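Quick note: the coordinates plus some simple rules give every number you see, no bench work behind them. Predicted model only: the values in this text are computed from it and were never measured. Because the Cβ atoms are built from the backbone with ideal geometry, glycine has one as well, and the counts that use them run over all protein chains shown.
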Amino acid sequence: SVELSQDDLKSLVAAELERTRRRSAALTDAVDDDDLVEQHSPLMSPLVWDLAHVGSQEELWLVRDVGGRPALRPDIDDLYDAFQHSRCDRPELPLLGPRESREYIATVRDKAQDVLHHVSLEGRRLVDQAFAFGMIVQHEQQHDETMLATHQLRRGDPVLHAPDPPPTARAPSSHEEVLVPAGTFTMGTSTEPWALDNERPAHPVHVADFFIDAHPVTNADFFRFIDSGGYREPRWWTEEGWRHREHARLSAPLFWRRDGDTWLRRRFGRIEPVPPEEPVLHVSFHEAQAYANWAGKRLPTEPEWEKAARFDPATGRSMRYPWGDDEPGPERANLGQRHLRPAAVGAYAAGQAPSGARQLIGDVWEWTASDFAPYPGFEAFPYPEYSQVFFGTAQKVLRGGSFGTDPAACRATFRNWDFPIRRQIFAGFRCARTPSREELD
Ligand code: AVJ
Ligand code: FE
């Protein structure tokens, strides 16, 4: 790749900051002030909290740490520290109001742009290749996806609008899978400039032969699981999964409602029939795992998912994306809230991986079988509260990003994680399986 001059890198970073802020503004300007301060679900913060929180993180990292400038609002650090107050308690806090929040984040942004203008992007690891700025861009984009999830939970008339994703040229059969032959590949990265600590370092992983679905599991597939009693049969579920299913009374994906013979769903304030050809969305890890068992398959492990997504057997190299090293464009993947729904399976032929799998990047986050764990040689950077404190068996890894994820916060090495009961995130899944002897001969 070409080394950018410091000036070019700075212009790129400045543009990314502004592009990201336009998204945050669109998501928060779409509703009135009452709506901004309201809690739409105990699972989520009021939108106004997310808004000021992105400014607070930007102040901490870019203005104070990188810039060495005095604190603007040390009095509000605690209010916007995600570890101090859980989401459900945030509406009771003396938060900045909508106007104050907008003023605050604009002031922080002016200072951050000034810091960017004056800083040397050399010497300190925190600023090398503009890492801290990239981290803040990704952080705001992650909250923009969280705010989109809040919009999905919100009751009331539709306020977000976007064109539909491109149609599919050829509808694949629902059982298409690809074989990824056994061998070692490079997992993670040590060179991607804005990769976060948990994606590092690059390391070799041997992966045995496996099949992986060529596309995510669809709503049509999921109808069959439901119709054949998938939610009523404990044998498809793990013990923990079944206990949760009973406790939460799960009987269909979140936002679905049965109307006679058809399934309807609410999508950003509109009611529509569940589209059969779209990836299933808003299912928990437990539902994904039950479906996979029912289908005679399993969820892919993280190494399997990543190998299917970026290993190129022709060169023996791991690529940044399934299609190569080029940034995602609109023809490659459904990202960036360009569309407010996943595309039908079979779309994005230009985004296909060498393995033959499609739609690995964008459309829906994909649950994997893996717990969120550090790679060998992991080093928390720049702060343990980003990833390290979440490592363990409580969190499952999701891969690939959704239609709500920005390209800046999505690549084939990117790791997301959440509790296995979570459903309000834009998550679906695809299945994998271990081939039988006969299938390999
Ligand atoms: C990586 C998406 C799990 O939103 O909880 C945002 C990202 N970390 N602010 C989250 C994050 C701090 C994180 N996820
Ligand atoms: Fe955050």
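Taking the chain as the reference, fit the longest principal axis to its C-alpha atoms, fit the long axis of helix 239-248 to the helix C-alpha atoms, and give the angle between the two in degrees, 0 to 90, nearest 10. Helix 239-248 sits at roughly 70 degrees to that axis. Projecting the Cα atoms of 195, 105, 131 onto the dipole axis of the chain, where Lys and Arg carry +1 and Asp and Glu carry -1 at the beta carbon, places 195 farthest toward the positive end. Based on the alpha-carbon gyration tensor of the chain and its eigenvalue square roots a ≥ b ≥ c, which shape applies: rounded if a/c is under 1.5, prolate if not and a/b is larger than b/c, or oblate? Note, shape of the chain comes out oblate. The Cβ shell under 15 Å around residue 140 holds other residues with a net charge of -2, Lys and Arg each +1, Asp and Glu each -1.
For region 358-373, putting each phi into the Karplus relation 6.51 cos²θ - 1.76 cosθ + 1.60 with θ = phi - 60° gives couplings of 10, 6, 6, 9, x, 6, 9, 4, 10, 5, 10, 6, 8, 6, 6, 9 Hz, in residue order, rounded to whole numbers and with x for Gly and Pro.
Residues with beta-carbon under 10 Å from that of residue 283, excluding residue 283: net charge, scoring Lys, Arg +1 and Asp, Glu -1? Write out the running numbers ahead of the final one.
Details: positive: 422, 423; negative: 287.
Local charge sum for residue 283: +1.
In terms of the mean number of neighbouring beta-carbon atoms within 10 Å, the peptides 290-297, 94-101 order highest first as 290-297, 94-101. Between the residues 217, 30, 84, the greatest Cα displacement towards the positive end of the dipole of the chain, with unit charges on the Cβ of Lys, Arg, Asp and Glu, is found for 217. In a reduced charge model with +1 at each Lys and Arg Cβ and -1 at each Asp and Glu Cβ, region 1-97 shows a dipole moment near 260 debye about its Cα centre.
Excluding residue 304 itself, calculate the net charge of residues whose Cβ lies under 13 Å from the Cβ of residue 304, where each Lys or Arg counts +1 and each Asp or Glu counts -1. Working shown, then result.
Working: positive: 297, 298, 307, 310, 399, 430, 433; negative: 177, 209, 213, 302, 306, 366.
Its environment carries a net charge of +1.
The lysines within cross-link reach of residue 297, meaning a Cα-to-Cα straight distance under 23 Å and a gap of 8 or more places when in the same chain, are 307, 396.
Roughly how many debye, to the nearest 20, is the charge dipole of region 104-224 about its Cα centre, given +1 on each Lys and Arg Cβ, -1 on each Asp and Glu Cβ, and no other charges?
Working: 9 positive and 17 negative charges, 53 e Å.
It comes to approximately 260 debye.
How big is the dipole moment of region 89-163 about its Cα centre under a simple scheme where the beta carbon of each Lys and Arg is +1, that of each Asp and Glu is -1, and everything else is neutral? Debye, nearest 20, please.
Around 40 debye, computed over region 89-163.
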